[in-house]
Amino acid sequence: MEIWENKKNAPIGVFDSGVGGISVLRELVKILPNEDYIYFGDSKNAPYGLKTLEQVRELTFLHVEELLEQGAKSIVVACNTATSAAVRLMREKYPHLPLVGLEPALKPAVEFKEHAKVLVMATPMTISEEKFHRLMARFEDQATILPLACPGLMEFVEAGDLDSEKLRHFLRELVAPYTDAGVDAIVLGCTHYPFIKRTLQQIVGEQVTIFDGGEGAARQMRRLLEQADLINTQTNPGRVRFENSLQDASELALCRRLLELEV
Ligand code: DGL
């Protein structure tokens, strides 16, 4: 376990089932540029969205606790699936830990237009979990909410494929019934999906507004660190360290590429 003389200068731990959480990491780096980060992606065990609740819970606890052992002062569970399976229990176990989870950004999508038709794309587990049903129930009377489980989609991002013809075909088949019915907004309820946002936007057209929860999660982390007086005091830009359960160089190169991607 690394020891930080001053806890403020300890890193923020960011966890995802794979490379998707880098879409949240890049928002964190934007608004908290002087923080250090350890990003752990469990690509070896991905996709989480097709596993059982118990498996996802166990893997999430295992890897978040590894980040805590490395001295992380706070944690972002940058995965909607892991959040729905484990974050409530994690808050019970670590009541003083600044902890942010991800959930589909329904609120801004519902509020941007009166009685909008909102498509929510997420993993099968996120869509079937109680947490999402409760979220949907909160907004049901303000919009038409259409949940869409997208098995097979995160795999494109894991493979570094963000705009191939194969991906375009997959997306067209997936969303055509909804775009034909005239959706106003799409919520990307999986942290992998912001990396294919541009491709999706071309397919659904500019009249559809696409939302994701990355920026909101980063702002929430900044609030929690401020409240706990844990903002890093260094003045130089922070560092990002990538770790992945697939320990090969190409995986880490993909992580760097996604962090630096212009979107
Ligand atoms: N990135 C994850 C999420 O936000 C899920 C991908 C997976 O199925 O592992 O839900």
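The values are calculated or read from the model by the stated rules, or taken from the named source; none is laboratory data. What you are looking at is a predicted structure, and each value in this text was computed from that prediction instead of being measured. With ideal geometry, Cβ positions are generated from the backbone for all residues, glycine too; neighbour counts draw on all protein chains shown.
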Subject >> Failed condition for VAL157, given (1) away from the ligand (no atom under 15 Å from the Cβ); (2) under 19 Å from LYS197 (Cβ atoms); (3) crowded, with 20+ Cβ neighbours inside 10 Å >> reply: (1)
Original post:
Counting only residues that are farther than 26 Å from ALA249 by Cα and part of a helix (DSSP H, G or I), which one in region 51-73 is nearest to the chain's Cα centre (by Cα)?
Top reply: ARG57
**OP:** Consider LYS166 carefully, then state whether it is over 21 Å from the mean Cα position of the chain (by Cα), of a type in the set (Lys, Arg) and either assigned to a helix (DSSP H, G or I) or within 16 Å of the ligand (Cβ to nearest atom) (or both).
**Re:** yes
**OP:** Filter region 236-260 down to residues that are among the β-branched types (Val, Ile, Thr) and either closer than 13 Å to VAL19 by Cα or out of contact with any Cys (no Cβ under 9 Å at 6 or more places or on another chain) (or both), then give me how many there are.
**Re:** 0
**OP:** Would you check if there is a residue in region 215-222 being among the aliphatic types (A, V, I, L, M), part of a helix (DSSP H, G or I) and touching a helix residue (DSSP H, G or I) at 6+ places or on another chain (Cβ under 6 Å)?
**Re:** yes
Original post:
Of the residues PRO95, PRO151, which is within 12 Å of the ligand (Cβ to nearest atom) and in a loop (DSSP other than H, G, I, E, B)?
Top reply: PRO151
Original post:
Is it true that VAL76 is among the hydrophobic types (A, V, I, L, M, F, W, C) and within 13 Å of the ligand (Cβ to nearest atom)?
Top reply: yes
**OP:** Please enumerate the residues belonging to region 105-130 that are within 14 Å of the ligand (Cβ to nearest atom), in contact (Cβ under 8 Å) with a residue 40 or more places away in the chain and not aliphatic (A, V, I, L, M).
**Re:** THR123, PRO124, THR126, GLU129
Original post:
Any idea which of LEU258, LEU254, LEU230 is surrounded by 11 or more Cβ atoms within 10 Å (Cβ to Cβ), within 20 Å of VAL76 (Cβ to Cβ) and out of contact with any Gly (no Cβ under 9 Å at 6 or more places or on another chain)?
Top reply: LEU230
Subject >> Enumeration of residues in region 1-39 that are modelled with pLDDT under 95 and either touching a Pro at 6+ places or on another chain (Cβ under 6 Å) or buried (at least 19 other Cβ atoms within 10 Å of the Cβ) (or both) >> reply: none
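Are any residues in region 169-205 of a type outside the set (A, V, I, L, M), closer than 19 Å to ALA105 by Cα and not in a helix (DSSP H, G or I), and if so, which ones?
ASP184, GLY189, CYS190, THR191, HIS192
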Original post:
Has region 229-251 got any residue that is part of a helix (DSSP H, G or I), in contact (Cβ under 8 Å) with a residue 12 or more places away in the chain and within 15 Å of the ligand (Cβ to nearest atom)?
Top reply: yes
Subject >> Residues (touching an Asp or Glu at 6+ places or on another chain (Cβ under 6 Å), more than 14 Å from the ligand (Cβ to nearest atom) and assigned to a loop (DSSP other than H, G, I, E, B)) located in region 7-30 >> reply: PRO11
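So, LYS51, is that one within 12 Å of the ligand (Cβ to nearest atom), among the charged types (D, E, K, R) and buried (at least 19 other Cβ atoms within 10 Å of the Cβ) or not?
Details: within 12 Å of the ligand (Cβ to nearest atom): yes; among the charged types (D, E, K, R): yes; buried (at least 19 other Cβ atoms within 10 Å of the Cβ): yes.
Yes, satisfied.
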Original post:
Scanning region 169-198 for residues that are away from the ligand (no atom under 16 Å from the Cβ) and of a type in the set (Gly, Ala, Ser), which turns out nearest to ASP212 (Cα to Cα)?
Top reply: ALA185
Original post:
Which is surrounded by fewer than 14 Cβ atoms within 10 Å (Cβ to Cβ) and farther than 23 Å from ALA122 by Cβ, of GLN247, GLN202, GLN207?
Top reply: GLN247
